[in-house]
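What follows is a single structure, written as structure tokens, with notes after it.
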Amino acid sequence: MRKHRELRKSSRRQRPVRKTKAIRGPEAWRQAFEALEPRMLLSGTALDPIGLPPTFTTTASEVIASIPVDVGLQWQDQGFSMLTNQSGSLIGANSLRNDLRFAGIDGSGFATVIMDTGIDLDDPFFGEDSDSDGVSDRIVAAVDFTGSSYGAQDIQGHGSNVSSIVASSDSTYPGVAPGADIIHLKVLGDDGSGSFYWVEQGLQWVIANAETYNIASVNLSLGDSRNFDATTSRYGIGDEFATLADMDIMVIAAAGNSYYNFDGEQGVGYPAADPNTIGVGAVYDTGTGGYIYGSGARAYSTASDRITPFSQRHETLTDIFAPGAPITGAGPNSSLTSYHGTSQAAPHVAGAAAVMQQLAVQEIGRRLTLDEFRTVMRDTAVTVNDGDDESDNVTNTDVDYKRMDLFAMGEAILAMGEAQQPTYVESDVTIMDAGDSGFHAIGGWIDMVSTAGYDTDYFFIGDESVSNTASATWDFAGLEPGEYRVSLTWDASAAHATDASYTVTALGNNPKVQTFNVDQTTAPSDRVADGASWGDLGIFTVASDGALQVELNNTGASGMVLADAIRLAFVTEQSSSSGSSLAASNSELGLSFANTNVNDAVAALNYSALNATTRLVDLSDLIGGGDDSDIFNGDDRDDLNDLMASGELTLVEA
């Protein structure tokens, strides 16, 4: 029985710098992007990984599962280029990371599963190896289902590249969910092919271990090299997909790379065609010249959001497009690899699923369902038309498709949470300006007298490249226990840092610490109060210790950092009661009404006239009768009772 590794690590040590060698010319590209053709099924005895749920039956399907074909690049007309980091900008990941509202939203607390050719286990893209055990710290489990002599280690390269797109924490080539835990299930052999039997075993492992690791998403950059034009469930794994959907775990699948091979017929491969997966096609992330692919598909020129000529597509089965060419990321032995393929588009969405589930739990108190995730993703996506500006040798469908926008998804989930967010009433506001008692500055801050600052001054310092490392603290003491809103103000300028680092600490025996990167190039806009505009960091709980500290430093800042006033407001949650005037007891109706004007009130009345459509009615529709009164009185009560007795009216809870 094959065992998997569970690693929980905390300490850090310095890792070697990654190196890569630039390769130029068509021959070099053929070597770097060898065409991956379908291979024969690997032989071997099926493995029995631990944790398989007893309620599932393995079908042992011997259909070949492999990396989608046609990622082989034959020629590029402008030489070798590494452009992966541009995909984050295209899908709004960079905007999300730099927005104060999404501070800390990076997949933390959730795990993402990549089912592929293995992972480079000791690659710094996946965290430090603090205990020197040969496994990067963020890889919490790695399981081989193929019987490879290398175990879960990636020899082929595809799995490491895909994994890094999902969750790399490298500063140059960050993944979409750099804070998520990483689980890699090796279901494709060292030559890039496998069987759906191994895929099914991997899916069953996910179901059995989902709660243990808090799994948010599963990435399947693999397929059967077919072209389906309707939803289908194949190879005995549809029941696993349905179970994962019921668990609110998003399964993301590459649409396939064989559009040219299928003569431009719309369709996607499997498992992208399964109704319980998200099928993903590929667009270019930027303009990088022209490409000829192994199948014969050719892009004469490229630009952001142009659909790649190899990407399979279908107007209803392709749920979303994402950047898929050219994508640079991790490879075997801490190398860099670049790929073109829907295999690279899918992990962008798998990472997004981890990030958005973290945000959903924070904002609405639960995960998104599969239908909700699909709807939010598509409703907020950018429209890309197949044929408006593509320059290629394939049949363009003239269909409007959707390309994922992570930032817009985040804003939509914030909007979902607004109705559930409590309303706070402020009292006991304290403003501590830079320079006031309780403010401390270390490291050469300059006190600038300026009307742009709160109370006509502020402190500033340059970034570390031009100034010493510096910090400033605002210490609030003697606070009553309770909830406090922390807000700050600053003078916005293009020369200021986009990532001024603020840390809020609610002090005490069990201190709560949260760090935020604030963009000081744009003005604060959450509220206007006390003669200034403020940006909110959030609501923080102060315990009986009665102290709270805000710290600002210039470590790693991208520009000048400003220290100005901090506003601390004691807040209490406002009752969610609507304040309805329907408030006095009435035993006949089972509700209560007051003698008050209700012309503008929508009542909790479900008016069900016989053989009529049920509708909500305005209470004023039933008020007054023959007395022309705007007041709900005894006559109106009698009228309502008569309607209820006849069955024409029922009262329901609002």
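Do you know which of the residues in the stretch 503-531 that are hydrophobic (A, V, I, L, M, F, W, C) and in a loop (DSSP other than H, G, I, E, B) is surrounded by the most Cβ atoms within 10 Å (Cβ to Cβ)?
Among those that are hydrophobic (A, V, I, L, M, F, W, C) and in a loop (DSSP other than H, G, I, E, B), it is LEU507.
Look at the stretch 412-447 and say how many of its residues are under 30 Å from VAL355 (Cβ atoms), in contact (Cβ under 8 Å) with a residue 60 or more places away in the chain and surrounded by 14 or more Cβ atoms within 10 Å (Cβ to Cβ).
Kept after step one, since they are under 30 Å from VAL355 (Cβ atoms), are these residues of the stretch 412-447: 412-424.
Right, trim to in contact (Cβ under 8 Å) with a residue 60 or more places away in the chain and you get 414, 422-424.
Those still in the list that are surrounded by 14 or more Cβ atoms within 10 Å (Cβ to Cβ) too: 414, 424.
Qualifying residue count for the region: 2.
Across the stretch 303-361, which residue is nearest to SER160 (Cα to Cα) among those that are among the aromatic types (Phe, Trp, Tyr) and part of a strand (DSSP E or B)?
Top of the filtered list is TYR339.
How do the pairs read when you match residues in the stretch 86-103 that are outside any helix (DSSP H, G or I) and open to solvent by 30 Å² or more (accessible area, probe 1.4 Å) with residues anywhere that are at pLDDT below 90 and of a type in the set (Lys, Arg), using Cβ under 7 Å and keeping only pairs 6 or more apart or on different chains?
none
Given the conditions (1) of a type outside the set (A, V, I, L, M); (2) outside any loop (DSSP other than H, G, I, E, B); (3) within 30 Å of ALA523 (Cα to Cα), and given that SER163 satisfies all but one, which numbered condition is not satisfied?
For SER163, the exception is condition (3).
Pairs under 7 Å by beta carbon, first residue β-branched (Val, Ile, Thr) in the stretch 241-261, partner surrounded by fewer than 24 Cβ atoms within 10 Å (Cβ to Cβ) and part of a loop (DSSP other than H, G, I, E, B), six or more apart or different chains?
From the stretch 241-261, the pairs are VAL251/ASN276.
Name the residue, out of ASP379, ASP386, ASP371, that is buried (at least 20 other Cβ atoms within 10 Å of the Cβ) and of a type outside the set (A, V, I, L, M, F, W, C).
Going through ASP379, ASP386, ASP371 in turn, the sole match is ASP386.
Just checking, how many residues over the stretch 469-478 are open to solvent by 20 Å² or more (accessible area, probe 1.4 Å) and within 36 Å of the chain's Cα centre (by Cα)?
Residues flagged as open to solvent by 20 Å² or more (accessible area, probe 1.4 Å) and within 36 Å of the chain's Cα centre (by Cα) within the stretch 469-478 amount to 4.
Inside the stretch 408-502, counting only strands (runs of 3 or more DSSP E) that do not spill past its ends, which hold 2 or more residues that are of a type in the set (Val, Ile, Thr)?
Counting at least 2 such residues, we get 424-432, 446-449.
Look through ASP116, ASP123 and report the one residue that is closer than 20 Å to SER217 by Cα and either surrounded by fewer than 21 Cβ atoms within 10 Å (Cβ to Cβ) or in contact (Cβ under 8 Å) with a residue 40 or more places away in the chain (or both).
ASP116
Does GLY281 meet the test of being within 18 Å of ASP263 (Cα to Cα) and either assigned to a strand (DSSP E or B) or within 21 Å of the chain's Cα centre (by Cα) (or both)? Steps first, answer last, please.
On the way: within 18 Å of ASP263 (Cα to Cα): yes; either assigned to a strand (DSSP E or B) or within 21 Å of the chain's Cα centre (by Cα) (or both): yes.
In short, yes.
Where residues in the stretch 355-368 are open to solvent by 50 Å² or more (accessible area, probe 1.4 Å) and not polar (S, T, N, Q), which of them is farthest from GLY296 (Cα to Cα)?
GLY365
Go through the stretch 284-301 and give me each residue that's in contact with a Ser or Thr (Cβ under 6 Å, 6 or more places away or on another chain), in contact (Cβ under 8 Å) with a residue 40 or more places away in the chain and either open to solvent by 30 Å² or more (accessible area, probe 1.4 Å) or not in a strand (DSSP E or B) (or both).
Scanning the stretch 284-301 gives ASP285, THR286, THR288, GLY290, TYR300, SER301.
If you scan the stretch 119-149, which residues turn out to be closer than 30 Å to LEU359 by Cβ and assigned to a loop (DSSP other than H, G, I, E, B)?
ASP120, LEU121, ASP123, GLY127, GLU128, ASP129, SER130, VAL135, SER136, ASP137, ARG138
Return yes when ASN257 is in contact with a helix residue (DSSP H, G or I) (Cβ under 7 Å, 6 or more places away or on another chain) and either under 23 Å from GLY281 (Cα atoms) or modelled with pLDDT under 95 (or both) and no when it is not.
yes
If you go through the stretch 307-337 one residue at a time, how many are open to solvent by 10 Å² or more (accessible area, probe 1.4 Å) and of a type outside the set (A, V, I, L, M)?
Step one: of the stretch 307-337, the residues open to solvent by 10 Å² or more (accessible area, probe 1.4 Å) are 314-317, 319, 332-337.
Filter again for of a type outside the set (A, V, I, L, M), leaving 314-316, 319, 332-335, 337.
Residues that pass the stated criteria total 9.
Restricting attention to the stretch 184-208, and to residues there that are open to solvent by 20 Å² or more (accessible area, probe 1.4 Å) and part of a helix (DSSP H, G or I), which single residue is modelled with the lowest pLDDT? Write out each step before concluding.
Here is the first cut: in the stretch 184-208, the residues open to solvent by 20 Å² or more (accessible area, probe 1.4 Å) are 190-191, 197, 207-208.
Now narrow it down to the ones that are part of a helix (DSSP H, G or I): 197, 207-208.
On the way: TYR197: 94, ILE207: 98, ALA208: 97.
That would be TYR197.
Take the residues in the stretch 245-266 that are over 22 Å from the mean Cα position of the chain (by Cα) and over 17 Å from LEU220 (Cβ atoms), then tell me which one is surrounded by the fewest Cβ atoms within 10 Å (Cβ to Cβ).
It comes out as ASP263.
Restricting to the stretch 126-183, name every residue that is among the hydroxyl-bearing types (Ser, Thr, Tyr) and either over 23 Å from SER338 (Cβ atoms) or open to solvent by 10 Å² or more (accessible area, probe 1.4 Å) (or both).
Answer for the stretch 126-183, where residues must be among the hydroxyl-bearing types (Ser, Thr, Tyr) and either over 23 Å from SER338 (Cβ atoms) or open to solvent by 10 Å² or more (accessible area, probe 1.4 Å) (or both): SER130, SER132, THR146, SER148, SER149, TYR150, SER169, SER171, THR172, TYR173.
Search the stretch 454-468 for residues being touching a residue at least 24 places away in the same chain (Cβ under 8 Å) and within 22 Å of ALA532 (Cβ to Cβ), and hand back the single one that is least open to solvent (accessible area, probe 1.4 Å).
ILE461
Conditions first: (1) modelled with pLDDT of 90 or more; (2) open to solvent by 20 Å² or more (accessible area, probe 1.4 Å); (3) not hydrophobic (A, V, I, L, M, F, W, C). ASP564 passes all but one, so which condition is the exception?
Answer for ASP564: the failing condition is (2).
The values are calculated or read from the model by the stated rules, or taken from the named source; none is laboratory data. Treat the numbers as computed from the prediction; the structure is a model and nothing was measured. Note that we place each Cβ from the backbone using ideal geometry, even for glycine, and neighbour counts take in every protein chain shown. These accessible areas exclude ligands, DNA and RNA; they are computed on the full protein's heavy atoms, side chains included. Shrake-Rupley method; radii C 1.70, N 1.55, O 1.52, S 1.80 Å.
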